[in-house]
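Participant: Quick one: the structure is below, and I'll ask about it shortly.
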2 protein chains.
Amino acid sequence: MHFTSELRLDDGTLEREFSLGEIPGTLWTPESEAPSPLILMAHNNGLPKAASRLVARARHTAAYGYAVATIDAAGCGDRPRTAADEEARAGLRRAMQAGAPADEVTEIFESFIGPMVEKAAPDWQTTLDALLELPEVGGPVGYSGWMALGIRLAVVEPRIAAAGFFAGGFVPRTQRDEAGRVGVPLLVLLQWDDEGNPRQRVLDLFDAFGTEEKTLHANTGGHLGTPWFEVEDGNRFFGRHLK
Amino acid sequence: MHFTSELRLDDGTLEREFSLGEIPGTLWTPESEAPSPLILMAHNNGLPKAASRLVARARHTAAYGYAVATIDAAGCGDRPRTAADEEARAGLRRAMQAGAPADEVTEIFESFIGPMVEKAAPDWQTTLDALLELPEVGGPVGYSGWMALGIRLAVVEPRIAAAGFFAGGFVPRTQRDEAGRVGVPLLVLLQWDDEGNPRQRVLDLFDAFGTEEKTLHANTGGHLGTPWFEVEDGNRFFGRHLK
């Protein structure tokens, strides 16, 4: 893991870009003598790690006392995409512009989000290995954000002790089938009026998660309308589980 | 309003029993120089004000900095019941012991919870008038607990600025019809596996509330399993709205 730049924020948080082989990432660490518990933070649908909403959430969470890391995993963010992925995305744009029926749009999402999760998960695990070797980063580990990837990581990665999922992204069948095997405490965020994500699908998924301790927070408003206090609620959720 | 007893708790909260005409009540006030914002707290289905879970919640909320009040309104708690109410309750016990179908149980609930809300709401308003004359109690006012009564009060009582509803009680048709007229910020608590309260009915009701700012917190577990952190979340919700 090589740090390629660093920035000290006003609140003392250290924000560093890093690269780990082909994986580019960002790590935020609070001013602290002791190692800080780590939260892996990913944007839904593999959106770039530099997206302003993700960065704002990461900075706030670091200021609260967590180390926070995000990456552009294989096939995500600014990383190269396969020709098949590019084709699927172009098809998605055409379908949405043409007002295609929901099940057709669903199939297009299925064709590239499923494989994207498959490829992304190992990069996150590789990153986790490297992060936990840093003296300023400790365990246990939390996960926050992209639900489809989070389901996979919660199932395959025993170091993840709690997860907060934002329900506003597409969850492919493979991950829906895995939901029952998620056993860590969960906080699921649902935007009640999210235009592109059927509410019932999220409620069914919440019901299916195998963990005994799960909480759903639903707020009125569309996809981008999550109220800021949910970031604070998320910090408090992790505070209960990352001890 | 006459105070009939007082108790100083270890954290400095003053817990006083009062009577206001025929209405018996309890008021908790924190140690504070300034008037404290008031939260009216009611147990679902008109259960007694002395119930230990209500008292624990009230004490915690007072320690957080709110004045908290509860009463046994007409037809509720230890107050006298009409012969019709007694008959309905006896019928309910028989029906539940006999494993009667859900819609039959629903009709029995309808026959006494609806009238109970009708009678209780004016007593809460009378109490609110008296509480707001005390120098240690200020506005704005929050409401917490019994959803059916809370819907009525939120609609008829403009002094209520925010409400937290526990969804685990029966909500009669009259209140379901009123839900669209509730315009204050809401926090609705749902126990996902509540045995006696169909989840879908609560989700439909949450959807129907007319307020623009509403949040649903759902947790796994049965009727009595609400996690303690929801009391803290409730305090923080009121902290955002009772300024």
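Participant: Could you grab me the full set of residues in segment B:201-243 that are within 11 Å of chain A (Cβ to nearest Cβ), more than 22 Å from B:SER36 (Cα to Cα) and basic (Lys, Arg)?
Facilitator: Within segment B:201-243, B:LYS214 is the sole residue that qualifies.
Participant: Same structure again: Scan segment B:180-203 for residues that are basic (Lys, Arg) and at pLDDT 95 or above and jot them down.
Facilitator: B:ARG181
Participant: Tell me, yes or no, whether segment B:149-156 has at least one residue that is in contact with a helix residue (DSSP H, G or I) (Cβ under 6 Å, 6 or more places away or on another chain) and not aliphatic (A, V, I, L, M).
Facilitator: Yes, segment B:149-156 contains at least one residue that is in contact with a helix residue (DSSP H, G or I) (Cβ under 6 Å, 6 or more places away or on another chain) and not aliphatic (A, V, I, L, M).
Participant: For segment A:155-173, enumerate the residues that are of a type outside the set (A, V, I, L, M, F, W, C) and closer than 15 Å to A:PRO198 by Cβ.
Facilitator: Within segment A:155-173, A:GLY168, A:GLY169, A:PRO172, A:ARG173 meet the criteria.
Participant: Give B:PRO140, B:PRO172 a once-over and let me know the one that is over 21 Å from B:ALA74 (Cα atoms) and not β-branched (Val, Ile, Thr). Steps first, please.
Facilitator: Numbers: B:PRO172 fails: over 21 Å from B:ALA74 (Cα atoms).
The conditions single out B:PRO140.
Participant: Right, here's the next one. Checking B:HIS43 against (1) buried (at least 17 other Cβ atoms within 10 Å of the Cβ); (2) more than 26 Å from B:THR106 (Cβ to Cβ), only one condition comes out false. Which one?
Facilitator: (2)
Participant: Only one of these is in contact with a Lys or Arg (Cβ under 9 Å, 6 or more places away or on another chain), among the small types (Gly, Ala, Ser) and either at negative phi or within 12 Å of another protein chain (Cβ to nearest Cβ) (or both): A:GLY145, A:GLY183, A:GLY139, A:GLY168. Name it.
Facilitator: After ruling out the rest, the residue left standing is A:GLY139.
Participant: While we're looking at this one, here's another question. Please state which one of B:ASP103, B:ASP123, B:ASP85, B:ASP78 is at pLDDT 90 or above and among the acidic types (Asp, Glu).
Facilitator: Of B:ASP103, B:ASP123, B:ASP85, B:ASP78, the one residue that is at pLDDT 90 or above and among the acidic types (Asp, Glu) is B:ASP123.
Participant: Sticking with this structure for a sec: Could you say whether any residue in segment A:16-33 is touching a Gly at 6+ places or on another chain (Cβ under 6 Å) and at pLDDT 95 or above?
Facilitator: Pass one, segment A:16-33, residues touching a Gly at 6+ places or on another chain (Cβ under 6 Å): A:18, A:30-31.
Next cut, at pLDDT 95 or above only: A:18, A:30.
Taking every residue of segment A:16-33 in turn, at least one turns out to be touching a Gly at 6+ places or on another chain (Cβ under 6 Å) and at pLDDT 95 or above.
The values are calculated or read from the model by the stated rules, or taken from the named source; none is laboratory data. Everything numeric here is computed off the predicted structure, so don't read it as measured data. Neighbour counts run over all protein chains shown; Cβ positions are idealised from the backbone, glycine included.
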